[in-house]
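In what follows, a single structure is set out as C-alpha cells and then discussed.
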Amino acid sequence: MTAPLQRSPAKDPGSPPEISASVFPWDLADEGLEQVLDNLQGMAGANSVYMCNLSQSTRPFRGGEYPHNPVRKRYKCEDCRIYWSPDMKHYGKIKPLRTERDFLAKTDWVEEFTTAAHKRGMKAGVELFHAWIDPRRLEKEFPDSIQVNEFGKPVITHNDGHPAVCLNSPAFQEYALGLYSDLAANYDLDYIQTCLIPYVLRTKYLTQNLPPDPIDWALVAPEKGGCFCGHCMAAAKKSGFDLEEARKELLILAKQDKQPIRKPGILAAEYLRQQPVLKRWLDFRCESVNNLYRMTSTAAKSFKPDIDIRWNHYTRTHSYYSGIDLSSFTKHVDSIRANAFVEHSDDLKLVDDKVRYLENFEKAAGDRVHWVAALDIRGKDPSVLEKSAELSSFTGCDGYALSHYGGATFENLRAVKRGLQKSKWAAHFK
Ligand SMILES: [Zn+2]
C-alpha cells in the first residue's frame, strides 16, 4: 500500500506530481506486465498506473496500428468486459461479464497488475469505461433500465446507435455498487476511476474542443436526452419534483419552432431563466449523477476507507448538460482527471488553449479535489507533447494522466519525460 494522495488545499508544493498512465489488459498480456511498467516508469516518469475495464470498440481508438505491441497491430475488444475475478456476492440482478478470450481469461489482471505496481512504489488504479454494461445486453436482458426521452423513446448514445442506461434504475444502481464494492473489498487499489457517460445529446460535441454555446443543447435536451422513465419519475418524486408534470410542459416546448429562439442569439442561461421547468429537469439529472456517485463512493469506502474515487471529466465545456454540475459533484469524488486532449492534433498553438482551460479548471475545482491533467500520448509530433508536459504543470494541476500506453510511441513517452524535466516539477525528474 502506497501513501495516500496529497489533496488540496493541504498539498505540498514541493511534493512530486502524480504521473498516471492508462493501460489495457491486452497491452500487459502481449508486451509483458513488467516490461510495460518498466517503459512507463523509465521512459515517461510514471508513478501511477491504471487499467481500463469495461472498454469498447477497436483499439487504437483513432485507427492506425499499435506502434510497439509485438503480437497485434490492433485489437477489437469484447464489449464491456471485466478483467478481474468478480466476487458475485456483491452483485444483484445485473452481473458483470468477464473476458472470455483465452489469452486474457486465465489471469486476474487487477490482482497481478496491482501487486506488480505496488512492488515498484507505483499507485495502482482501475478505470471503469464509458458504458458499464454492453448496450446490446441492456436492450435484450434489461429493457427496464434504458433511458427514455420525453416522447418515451430510448435515448441513443455513443454506443453505435444503442441506448444508454438509466442511472436511476435500481438494477443498474445495484450493479454499480457491486462493481465498486467488489473492487474495493478484494483488491488493494489506490483509486477507482470512471469515465461513465451519464447523459449525452450529440456525440460530436463531446469530441470537439470548443463546442458552441449550449443553447443548442438546452433547446433539444429533453427530445434527445433522458431520462423520463418510471424509475426517474419515482426518484424525482422523492426529491419533491413532479417529473410527469414537467414532461407535459417540456412536450409543449418541443413543439415550438426553435428558429426564432436561436435567431436573436439568446444565450442558454437566459433561456433557462425563461423556462424554469427545463432548468429544474436539468438540475434533476445532475442530482441523479450526484446520487449515483455518493452511493458508489460510500460503498467502496465502507470496504477501503482511503480509496480514491476519481472522475474522468471528459467534457471540456458545458458539463452541466451531460449531468455534471462540478460545484456539487466534487462533494462525491476525491479526485478528477481533467480531459482536454490537444496533443494528438500536432498543433502547438492548441497547447496555449489547453493551458487556459486547465487554469480555469483549477479555479473551478482545484481547491476541492486532487486533479490531474490528461495528456494524449498518441500524437505524431513529440514536440507538441513535450511542450504540453512542460506548460500544463504551471496551471495548478497535481499531475498528469497519460492516455493510452498501447497507442503511444516510445518517442512520445520520452517526450513526456523531457517536458517534465522542464516543468514546475523538474526537480523530481532529473
Ligand atoms: Zn430513467
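Every number here is computed from the coordinates shown, using simple stated rules; none is lab data. Here the structure is a predicted model, which is why all the values come from computation and not from measurement. Ideal geometry is used to build each Cβ from the backbone, glycine not excepted, and the neighbour counts take in all protein chains shown.
How do Thr409, Thr58, Thr330, Thr296 line up, fewest other C-beta atoms within 10 Å first? All intermediate terms of the calculation are to be shown ahead of the outcome.
On the way: Thr409 17, Thr58 10, Thr330 22, Thr296 25.
Arranged by neighbour count, lowest to highest, Thr409, Thr58, Thr330, Thr296 become Thr58, Thr409, Thr330, Thr296.
Can you pick out the pairs among Lys387/Lys417; Lys331/Lys354; Lys119/Lys417; Lys349/Lys380; Lys93/Lys238 whose Cα atoms lie more than 18 Å from each other?
As for pairs spanning more than 18 Å Cα to Cα, those are Lys331/Lys354; Lys119/Lys417; Lys93/Lys238.
Suppose we look only past 17 Å in the calculated P(r) of region 302-426. What percent of the Cα-Cα pairs does that tail hold?
Working: 4326 of 7750 pairs.
More than 17 Å apart: 56 percent of the Cα pairs in region 302-426.
Taking only Cα atoms, what is the 0 to 90° angle, nearest 10, from helix 276-303's long axis to the longest principal axis of the chain?
Rounded to the nearest ten degrees, it is 40.
Taking only the alpha-carbon atoms of region 352-430, what semi-axes of the equivalent ellipsoid follow from 5 times the gyration tensor eigenvalues under a square root, in whole Å, largest first?
Equivalent ellipsoid semi-axes, largest first: 21, 14, 11 Å.
For region 64-109 and region 266-304, compute the distance between their C-alpha centroids and round to whole Å.
Rounded to whole Å, the Cα centres lie 32 Å apart.
Describe numerically, in nm with one decimal, the distance between label points set 7 Å from Cα along Cα→Cβ at Phe103 and at Glu65.
1.5 nm
Taking every DSSP beta bridge that has both residues in the chain, what percent is antiparallel when rounded to the nearest 5?
Looking only at bridges with both residues in the chain, the antiparallel portion is about 10 percent.
To the nearest 10 degrees, how steeply does helix 382-391 sit against the main Cα axis of the chain, on a 0 to 90 scale?
Computed tilt is about 80 degrees.
For the chain, count the residues as N, evaluate 2.2 N^0.38 Å, and divide the Cα radius of gyration by that value, please.
That ratio works out to 0.97.
Eigenvalues of the Cα gyration tensor times 5, then square-rooted: what semi-axes does that give for region 111-174, in whole angstrom, largest first?
Those come to 34, 12, 10 Å.
What percent do you get for the relative contact order of the chain when only Cα pairs under 8 Å and 6+ apart count?
18 percent
For region 305-399, state which trypsin sites (Lys or Arg not before Pro) are in a DSSP loop and have at most 12 other beta carbons lying within 10 Å of their beta carbon.
Passing sites in region 305-399 are Lys331.
What is the Cα coordinate range of region 171-326 on the first, second and third principal axes, sorted by size from largest, in whole angstrom?
Rounded to whole Å, the extents work out to 56, 36, 21 Å.
Hey, got the dipole for the chain? About the Cα centre, +1 on K and R Cβ, -1 on D and E Cβ, debye to the nearest 20?
Dipole magnitude for the chain comes out near 560 debye.
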